[in-house]
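**Q** For reference, the structure I am asking about is given below.
The values are calculated or read from the model by the stated rules, or taken from the named source; none is laboratory data. Note that this is a predicted model, so its numbers are computed, not measured. Every residue, glycine among them, receives a Cβ derived from its backbone with ideal geometry; neighbour counts consider all protein chains shown.
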Amino acid sequence: MQKMVLNSWVILLAFSTLVFSSTSVNSQSLKRSAFLGTQLTNLSAAEEGTGADYGLYLSQILPNGSLGEMGVPANTVLQKINGVDIKSFQDIQIALSGIKVGDDLTIHIFENGVQRTYTGFAKGKPKENNPHATVEYGVVRYDGNALRSFLYLPNGVKQPPVVFFLQGYTCQSIEMRDNNPAKQLINQWIEKGYAVYLVEKPGMGDSESDIPCMDIDFNQELLAFEKAYEALQQSPKIDRQNIFLFGHSMGGIIAPLLAQKTSPAGIMVFGIVGENWYDYMKRIYIEQPLIFGNNQEQINQDAQYYLPFVKDLLVHKKSNSELLENPVYGERLKQDGVADNLANGYFIMRHYKYWQTLADVDIPGIWAKVKAPVYVLHGEYDIQAIHPKYGEMIVTNVNKHGGNALFELVPKTEHAFLQFDSRDEQLNTLNGGGYVAAFSTHFNANIAVKCLEWMNQHRK
């Protein structure tokens with residue numbers, strides 16, 4: 001059962017991994033991050049005939065990327081980058097961390113039964129040429145950090161209103177391909193005359209940070225977005241009275257926290273719950289499995305292990321070593337493949353202290369203080385946010401305390417803005433390995449339409 005629960009989190013990771021690996025000042029002070037220039041797939045989808053026992057399959061090589069410049073051939077298996085074994089997309093992120101344009105690269109691939117080595121220099125990711133906007137590459141500076149920011153200014157619009165897009169919890173670059181559903185959403189806003197602002201998390205993309213994203217806690221991540229908002233407010237090229245926050249997933253917790261220190265024109269959130277994180281995590285183990293068709297007996301058995309684990313992690317604030325030594329669930333963590341990452345300090349792709357500091361946030365309390373208009377969107381097929389009633393909690397809470405909030409269910413839509421004809425089609429796509437391919441074909445454009453209508457109604 002736990003394997004199925006963790007897979008539901010991997011869905012969110014898959015949404016993020018399609019991005020390119022790779023006080024406001026001149027963008028030239030930050031070097032571009034390394035750009036491999038390749039399309040990668042899991043080896044399990046293409047392993048027949050390769051003979052490789054680990055790695056990621058190089059299904060396409062772009063000529064202007066690092067691998068293309070080095071002569072690495074397509075239809076081979078990537079196994080090492082600068083000595084780091086590549087067994088997952090997370091390993092790509094680890095291997096490329098801190099590598100900038102011009103730095104040395106050593107690549108090991110597996111081809112025709114032989115491991116081959118290629119050496120060269122990292123190419124930087126090409127800057128975006130957006131047909132509908134000028135893209136300004138900025139820097140947000142504060143103690144120990146210089147974060148890359150992106151401001152999309154729509155063509156022909158003077159001082160446009162702006163959407164600050166707040167991404168989800170994963171440590172991934174926010175630079176996205178055009179087929180990424182989030183990028184499709186952003187591009188539709190731009191085409192309708194809205195500027196869009198994004199910022200990398202510490203250590204991601206071009207950013208330079210003393211502490212990388214994987215090792216910061218929730219408060220340090222929140223600070224990054226606070227500093228980015230301050231930098232955005234300094235721009236003379238936007239309508240500073242009409243800054244809207246759009247929080248996707250974890251960004252939907254960041255949004256009301258930002259609103260406590262700023263005065264946004266409005267807040268939009270998608271795929272989020274309005275209760276404290278410990279309460280939500282319990283639902284991950286007792287309600288989310290029902291979506292995947294797990295029987296109640298199995299869910300109850302697994303809950304005997306994982307509910308005490310979650311309580312010790314989030315409420316009792318036990319260390320990773322204490323968690324691993326627990327006689328109730330310690331062995332189960334090993335069986336389910338959680339123990340190795342937790343021993344290194346990580347759980348569900350973040351440091352365990354990130355989750356502990358997030359659990360300290362009074363989520364209902366912060367929403368109760370929001371006075372800006374609020375628009376809560378929930379996809380009917382959202383597995384991560386589980387059920388519409390958890391999004392409705394936000395609206396009830398805001399309105400109860402004198403605010404102005406609206407809830408809307410988005411039919412047949414899941415967490416990453418994709419629309420499917422049925423729940424069965426969604427689950428079959430997830431289980432059949434076609435989720436990434438669906439990014440290009442299943443984006444629900446009606447989400448952008450709904451957001452635009454709501455923002456137009458609430459502009460100052």
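**Q** Scan region 179-207 for residues that are outside any helix (DSSP H, G or I), of a type outside the set (A, V, I, L, M, F, W, C) and farther than 23 Å from Ile238 by Cβ and jot them down.
**A** Within region 179-207, Asn179, Asn180, Pro202, Gly203 qualify.
**Q** Out of the residues in region 98-113 that are assigned to a strand (DSSP E or B) and among the acidic types (Asp, Glu), state the one that is farthest from Arg148 (Cα to Cα).
**A** Glu111
**Q** Additional query: Does region 398-431 hold any residues that are small (Gly, Ala, Ser) and crowded, with 16+ Cβ neighbours inside 10 Å, and which are they?
**A** Scanning region 398-431 gives Gly403, Ala405, Ala416.
**Q** From the residues in region 208-237 that are assigned to a loop (DSSP other than H, G, I, E, B) and in contact with a Phe, Trp or Tyr (Cβ under 8 Å, 6 or more places away or on another chain), which one is surrounded by the fewest Cβ atoms within 10 Å (Cβ to Cβ)?
**A** Among residues in region 208-237 that are assigned to a loop (DSSP other than H, G, I, E, B) and in contact with a Phe, Trp or Tyr (Cβ under 8 Å, 6 or more places away or on another chain), the one surrounded by the fewest Cβ atoms within 10 Å (Cβ to Cβ) is Asp217.
**Q** Among the residues of region 314-332, is there at least one that is in contact with a strand residue (DSSP E or B) (Cβ under 9 Å, 6 or more places away or on another chain), outside the structural domain of Thr170 (by TED's automatic domain parsing) and modelled with pLDDT of 95 or more?
**A** Checked region 314-332: at least one residue is in contact with a strand residue (DSSP E or B) (Cβ under 9 Å, 6 or more places away or on another chain), outside the structural domain of Thr170 (by TED's automatic domain parsing) and modelled with pLDDT of 95 or more.
**Q** OK, next. Could you please find all residues in region 246-281 being touching a Phe, Trp or Tyr at 6+ places or on another chain (Cβ under 9 Å) and assigned to a helix (DSSP H, G or I)?
**A** Gly251, Gly252, Ile253, Ile254, Ala255, Pro256, Leu257, Leu258, Lys261, Trp277, Tyr280, Met281
**Q** State whether the residues of region 261-276 include one that is more than 25 Å from Pro181 (Cα to Cα), in contact with a Pro (Cβ under 9 Å, 6 or more places away or on another chain) and crowded, with 18+ Cβ neighbours inside 10 Å.
**A** The answer is no, given that none of the residues of region 261-276 is more than 25 Å from Pro181 (Cα to Cα), in contact with a Pro (Cβ under 9 Å, 6 or more places away or on another chain) and crowded, with 18+ Cβ neighbours inside 10 Å.
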